[in-house]
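Working notes for the structure below.
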Amino acid sequence: MTMKNSKQQPGAKPETMPIEDLKVRRERYTQWLESWRNDPSIGYRKNYANAIGLMIKALPVPLEEVTPEILEETAKKASDSHETREKIRIACRHFIDYAHGKGWIKSKQQLRRNALGTRREKPLPETLRNQLLDILKKHRHKRTGDPLSDDVSDKRLETMEAFFNVVSKANPSRTIAKLEHFSAEDMETHQRVLENEPSPYTGKPIKPRTVKTVLGHVLAVFISAAKQLHWKSNPMDSFELPLYEYVQKEAYIAKANVSALRDPGPLEDMTDRKAFLAVRNATMAAVQYDPALRPEDVVRLLAEDIHWEQADADGLVPFEVRDGKSRAKGTRETLHFTPQGVTDIRRYLDSLKKYCAKYGIKIKPFTVKKTGEALGAPLFITEDGRPMSPETYEGIFKDLARRAGLDPKIASHSLRHSRISHWLEDGIPIDRVSRLARHRDVNFTMKKYAHYLPGSDRSFLAKAYGKKPAAEPILTKALLPERPVLRKIIEALLGLLGLVVDAARIAQLEEALVEKIQGKAGRKDLCYGIPEAMERLRLGRTQIYDWMRRGYLHPIAQLNSRKGLPREEIDRLASLRNSKEAALILGYEEKKPTTIQRLVREGTIKATRLGNENLFTDRDLTEHLLRLNSHKMAFGVRPRRPRMAPMKSAPAPVLNFTTPAISGGPAPLQ
């Protein structure tokens, strides 16, 4: 059979081969596959043998004519699983390289592409490559001091390889052997190519954000080289990064759509393999959403990182995140799964146990690339038991998004963004959200997330201009029961005392009792009027009536159809201190009482919640001071004293916590 060496045009459909030629070619490729399996130099790549077999059955053209487009169509035709497709893509490249190295095929297409979609047609010169490897190896992270990871180093090397190819293509006669041979004009050429030419990987224009990121990575390499090699001047000093007008906006996923992502669907009609994959994919989305993890944290999560034995009474289970973003190497942070997330994980572990037992899957440990150190068994595995890569999870999430009716173009990081937005919607304070999301500071959370609260703009407009709801009625209570009930009570009391009184006398007693309790004298002894309550509580009339509607105050109906407020209730509220008064007493010199609000959230100080305000009793403040001072005295620190007004020729002032507050301010300092 004669092989065709002509290049297949991108996007063109492969020509249909005769059935006899297909059969002969597949038999020959199967023999090559047996040689692949028995070759000891293949090493770990023998795991791709099954994927190569699927590729051989679905491949419509000879190996010499396989292009990236044909490889993509073959992978889609061979399997409906994203993992298997990715494995076929990798296996096909390895198998074609192996056949070409053996001399079984005379030519091969360029199938490997880097993140930019630029084909690496020309390899880096040996001197330039060694120089780059040495610079990347010695580079240290600015914040943590750690070296670059293997993945980041490989991506930087690919970026520089693409940069070198663009410069070499623009001037083929030019010799570039070191970084010093580049210039700022080369960066401008690279920028023009990225902005004007479509990506060979997707055929679409490269986004401005990607262009800026790539140029920034190239500049970072030159800046690091200038520091390490002690250059007098950096050849890229005159180049400035472009300023593109774009808005970076994460996709927001509503709670209902998140529930659809976490639902594996009906498992009864699935095979054991498909049921396991459905449960695993849904659980990965649940694990990322529940504590707002990043995608790389999900795939690096180990089974031993979940501490089931430390589950608390609320159903929260702690787990550890290793080597998080911008953290020093070896850092472990403790987070918690909610009860719903715990349920999803337990369901996945049961499915994993059945799947491994039925198909004889042995889970391979997660290892460090440089040292080969085994860290432990991963929580989420591929079909053949290997640890999963972030790229594989990204493809899984796109399949989940498509099944849930979402845009398949959204990234898995949108789950993290949506979870943080949901926390803010649920009323969690933004400083607490910042800690849960593991942001570097609360200002970043304010800038990126606080402005995005779906429905918040509408609620503000409705509050300002919408229809006002009808005022809620003020419910009053009477000091005495209804007249018939009151008459029966009087008759019962007289009977217990053994007194016989006629009906007229009972009516007189009834009127006297009502006048004594609900009359003018009784009102003065038992109740405050509205003006008196306003003075005691230092509130306006509108606020008093608003507190009545909200149920903070309980008015009492009186004979003159006026309302009275119980003295005991008003006196108790008047004795409470607001946040500013409490901060003054405790000695926190702040314009806004932020410290005491934080102590309330942490549970250090007890507070009475009244609407949107925290109120404090003198007893609670006293207990806090005693606890604080006893703790400090145990460590030899001078105790904190309450803040006191200056007094002339008087003994040491003592704060009287038992005196109730009077109108005009807190209790006086005596």
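Remarks
- Matching residues in the stretch 289-333 - criterion: being more than 16 Å from Pro390 (Cβ to Cβ), out of contact with any strand residue (DSSP E or B) (no Cβ under 6 Å at 6 or more places or on another chain) and of a type in the set (Lys, Arg): Arg327, Lys329
- Consider the stretch 65-91 and keep the residues that are touching a Gly at 6+ places or on another chain (Cβ under 7 Å) and closer than 13 Å to Glu383 by Cα. The one that is surrounded by the fewest Cβ atoms within 10 Å (Cβ to Cβ) is Glu86.
- Flag if Lys325 is open to solvent by 70 Å² or more (accessible area, probe 1.4 Å) and closer than 20 Å to Ser418 by Cβ: yes
- Qualifying residue in the stretch 2-19 (condition: over 15 Å from Asp97 (Cβ atoms), of a type outside the set (S, T, N, Q) and either modelled with pLDDT of 70 or more or assigned to a helix (DSSP H, G or I) (or both)): yes
- Considering only residues in the stretch 304-322 that are surrounded by fewer than 17 Cβ atoms within 10 Å (Cβ to Cβ) and hydrophobic (A, V, I, L, M, F, W, C), the one that is nearest to Ser414 (Cα to Cα) turns out to be Leu316.
- Filtered by the rule that a residue be at pLDDT below 70, aliphatic (A, V, I, L, M) and surrounded by 14 or more Cβ atoms within 10 Å (Cβ to Cβ), the stretch 590-647 gives a lone residue, Met644.
- Residues in the stretch 558-589 that are outside any loop (DSSP other than H, G, I, E, B), open to solvent by 40 Å² or more (accessible area, probe 1.4 Å) and modelled with pLDDT under 80: Lys563 alone.
- Looking across the stretch 414-448, the residues that are closer than 14 Å to Ile253 by Cβ and open to solvent by less than 50 Å² (accessible area, probe 1.4 Å) come down to Ser414, Leu415, Arg416, His417, Ser418, Arg419, Ile420, Ser421, His422, Trp423.
- Residue list for the stretch 322-334, restricted to those being free of Cβ contacts under 8 Å to residues at least 60 places away in the same chain and assigned to a strand (DSSP E or B): Arg322, Arg332, Thr334
- In the stretch 254-296, the residues that are in a loop (DSSP other than H, G, I, E, B) and at pLDDT 90 or above: Asp263, Pro264, Asp290, Pro291, Ala292, Leu293, Arg294
- Residue satisfying all of: in the stretch 99-116; open to solvent by 70 Å² or more (accessible area, probe 1.4 Å) and assigned to a loop (DSSP other than H, G, I, E, B); modelled with the lowest pLDDT among these: Ala115
- Residue among Arg93, Arg89, Arg119 that is at pLDDT below 80 and not acidic (Asp, Glu): Arg119
- Those residues of the stretch 490-543 which are assigned to a helix (DSSP H, G or I), under 20 Å from Asp571 (Cα atoms) and modelled with pLDDT of 80 or more, in sequence order: Ile530, Pro531, Glu532, Ala533, Met534, Glu535, Arg536, Leu537, Arg541, Thr542, Gln543
The rows are residues; the columns are (1) open to solvent by less than 70 Å² (accessible area, probe 1.4 Å); (2) out of contact with any Leu (no Cβ under 8 Å at 6 or more places or on another chain); (3) under 20 Å from Leu243 (Cα atoms); (4) touching a residue at least 12 places away in the same chain (Cβ under 8 Å).
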site	(1), (2), (3), (4)
Glu161	yes, no, no, yes
Ser168	yes, yes, no, yes
Thr189	yes, yes, yes, yes
Arg192	no, yes, yes, no
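- Residues satisfying the stated conditions in the stretch 426-467, i.e. among the small types (Gly, Ala, Ser) and either modelled with pLDDT of 80 or more or outside any helix (DSSP H, G or I) (or both): Gly427, Ser434, Ala437, Gly455, Gly466
- In this structure, Asp407 does not satisfy being within 22 Å of the chain's Cα centre (by Cα) and closer than 26 Å to Trp308 by Cβ.
- Selection status of Phe164, part of a helix (DSSP H, G or I), under 30 Å from Leu71 (Cβ atoms) and either hydrophobic (A, V, I, L, M, F, W, C) or at pLDDT 90 or above (or both): yes
- Hits in the stretch 29-46 (condition: closer than 17 Å to Ile90 by Cβ, modelled with pLDDT of 70 or more and not aromatic (Phe, Trp, Tyr)): Leu33, Arg37, Ile42
- Residue within the stretch 196-203 that is touching an Asp or Glu at 6+ places or on another chain (Cβ under 9 Å), of a type outside the set (Gly, Ala, Ser) and free of Cβ contacts under 8 Å to residues at least 40 places away in the same chain present: no
- Test set (1) hydroxyl-bearing (Ser, Thr, Tyr); (2) within 15 Å of Leu219 (Cβ to Cβ); (3) surrounded by fewer than 20 Cβ atoms within 10 Å (Cβ to Cβ) - Ser149 fails condition number: (2)
- Residues in the stretch 344-379 that are in a strand (DSSP E or B) and among the hydrophobic types (A, V, I, L, M, F, W, C): Phe366, Ala374, Leu375.
- Filtered by the rule that a residue be open to solvent by less than 70 Å² (accessible area, probe 1.4 Å) and either in a helix (DSSP H, G or I) or at pLDDT 90 or above (or both), the stretch 194-209 gives Leu194, Pro208.
- For Gly360, the criteria (1) more than 26 Å from Ser259 (Cβ to Cβ); (2) open to solvent by less than 20 Å² (accessible area, probe 1.4 Å) hold in every case but one, which is (2).
The values are calculated or read from the model by the stated rules, or taken from the named source; none is laboratory data. Quantities reported herein were computed from a predicted structural model and do not represent experimental measurements. Every residue, glycine among them, receives a Cβ derived from its backbone with ideal geometry; neighbour counts consider all protein chains shown. SASA here: full protein model, heavy atoms, side chains in, ligands and nucleic acids out. Shrake-Rupley method; radii C 1.70, N 1.55, O 1.52, S 1.80 Å.
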